[in-house]
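The values are calculated or read from the model by the stated rules, or taken from the named source; none is laboratory data. All figures in this text were calculated on a predicted structure; none of them were measured in a lab. Cβ placement follows ideal geometry from the backbone for every residue including glycine, while neighbour counts extend to all protein chains displayed.
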Amino acid sequence: MHVLLTCFGTRGDAQPYAALAGALVRAGHCATLATAEGFRDLVPDGVSFAGVGSEMLRLIREVMPELSGARDALRTFGAMRDAMRQQNAELWAAAQTACPDLVVYHPKVIGAPHVAEALGVPGVLSLPLPYFTPTREFLQPILGAARLPGWLNRASYGLRRAAALMYGGMLDDFRRQLGLRAAGRLADPLVGPDGRAIDVLYPYSTHVVPRPSDYPPTAHVTGYWFRDEPEWTPPADLADFLAAGLPPVYVGFGSMGFGKGADERRDAVLAALATNRLRGIIATGWGGITAGSELSDDVFAIDEAPHDWLFPRMAAVVHHGGAGSTAAGLRAGRPTLVVPFLGDQPFWGARVAAIGAGPGPLRPWRLAGGLTARLADLVGDPDYGRRAADVGELIRAEDGLGNGVRILESLIG
């Protein structure tokens, strides 16, 4: 079979799809990865590539960090809509070239299910977060980790219709271009054009989020999809720093905050490391934290480094709680502190604490007053280290990619 996989977002969003594409090729299938040009280097050997969504990625990386208020955001909204239309057109062109038997798509690629329908092939929704399938067991993750009655938890998943409500007009225009009837603003992303339930792949571990007992057979929790990273050689100064003392603590917040407050976060991190007499590695990312011009000999600054290489060399990890960062830290078996900014990050912070792999999450506006004590707890409580090591071993034993491939094969028949 030939599978078209399409995704949008950060590098962490794209990596699982690249990993699944590679696994499909190793299993004897054909795969095309359609994502932004900036992620072409993720494409495994034997996988075809199609550039889709590059303008949207540029806007997010270059324009959004410069926004200074609501007026700027409104001006950017029009450009984002144009970029989304361009993404839809690029995806349709890629699909016509690939002629796939099946389309696997991230929900941020809003035109993907309509492309699958126009091609007359199955569309499979995929997201490393239990966002879509209603359950009584926990609240819709974007809404936090509060404990509510089961019926309220289940009702909260009405949020899955948000994309259709926001972009229904644009999507109906796109559907007409594809020769399809309008779907409307109340379309359910879990219902296919034939009225049947759409299959959803959730590439996370049941050791982190147990599968709810009321999930239907179309909701598949596969285990994480980790990409086989090429051998990475660290810069000499990073290698020298790691060799010069005890394992450090990693601290990085990606693009969170879009550069605003980054200096204050740096100061809080440096003070917490110094007070606890810990060595640290600060990852500046897209501006989530700054490095500063003068760091002590016990702190090293990097832009970024492959998490699968770096995290096993750390004593503990502190990050914003993105799905990919959380998965990498737990896979490495390292105690984790999540500093959640938005979206699903509070959910992952709560899950880390629930499985005993780290203390409760710490909100970014409490870093200055709370990070020192929370960091002391993170590295000082041996139970976190033991539990994180146990969870890491369980995650490494999973075959998430194999499970994903087998499910897709079963859908084609």
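Points worth noting:
- Whichever residue in region 188-198 is farther than 16 Å from residue 134 by Cβ and of a type outside the set (Asp, Glu) and, among such residues, is farthest from the chain's Cα centre (by Cα): 195
- Residues in region 142-155 that are touching a helix residue (DSSP H, G or I) at 6+ places or on another chain (Cβ under 6 Å) and modelled with pLDDT of 95 or more: there are none.
- Among the residues of region 197-239, those identified as closer than 23 Å to residue 33 by Cα and either part of a strand (DSSP E or B) or aliphatic (A, V, I, L, M) (or both) are 198, 200, 201, 202, 219, 220, 221.
- Residues of region 163-182 that are at pLDDT 90 or above and in a loop (DSSP other than H, G, I, E, B): 178, 179, 180, 181.
- Conditions (1) over 30 Å from residue 243 (Cβ atoms); (2) assigned to a helix (DSSP H, G or I); (3) of a type in the set (D, E, K, R); number of the one not met by residue 374: (1)
- Taking first residues from region 384-413 that are among the polar types (S, T, N, Q) and partners that are loosely packed, with under 14 Cβ neighbours inside 10 Å, no Cβ contact under 7 Å between residues at least 6 apart in sequence or on separate chains turns up.
- Residue in region 365-378 that is within 20 Å of the chain's Cα centre (by Cα) and at negative phi present: no
- Output for region 113-130, where each listed residue is crowded, with 20+ Cβ neighbours inside 10 Å and touching a Phe, Trp or Tyr at 6+ places or on another chain (Cβ under 8 Å): 113, 114, 115, 116, 123, 124, 125, 126, 127, 128, 130
- Taking (1) surrounded by 21 or more Cβ atoms within 10 Å (Cβ to Cβ); (2) within 20 Å of the chain's Cα centre (by Cα) in turn, residue 384 satisfies each apart from (2).
- Residues being in contact with a helix residue (DSSP H, G or I) (Cβ under 7 Å, 6 or more places away or on another chain), at pLDDT 95 or above and assigned to a helix (DSSP H, G or I) - total across region 1-48: 5
- Number of residues in region 95-112 that are part of a helix (DSSP H, G or I) and buried (at least 24 other Cβ atoms within 10 Å of the Cβ) equals 2.
- A single member of 213, 205, 156 is hydroxyl-bearing (Ser, Thr, Tyr) and surrounded by fewer than 19 Cβ atoms within 10 Å (Cβ to Cβ), and it is 213.
- Sole exception among (1) in contact (Cβ under 8 Å) with a residue 12 or more places away in the chain; (2) surrounded by fewer than 18 Cβ atoms within 10 Å (Cβ to Cβ) for residue 231, by number: (1)
- Qualifying residues in region 345-363 (those that are under 20 Å from residue 138 (Cα atoms) and of a type in the set (A, V, I, L, M)) - the one surrounded by the fewest Cβ atoms within 10 Å (Cβ to Cβ): 354
- Enumeration of residues in region 345-371 that are without any contact (Cβ under 8 Å) to a residue 24 or more places away in the chain and in a loop (DSSP other than H, G, I, E, B): 360
- Near pairs, Cβ below 8 angstrom, 6+ apart or cross-chain, from region 24-35 (under 13 Å from residue 95 (Cα atoms)) to any residue that is surrounded by 23 or more Cβ atoms within 10 Å (Cβ to Cβ) and among the polar types (S, T, N, Q): 33/6; 34/6; 35/6
- For residue 185, the stated conditions do not hold, so it cannot be described as of a type in the set (Lys, Arg), part of a loop (DSSP other than H, G, I, E, B) and under 22 Å from residue 400 (Cα atoms).
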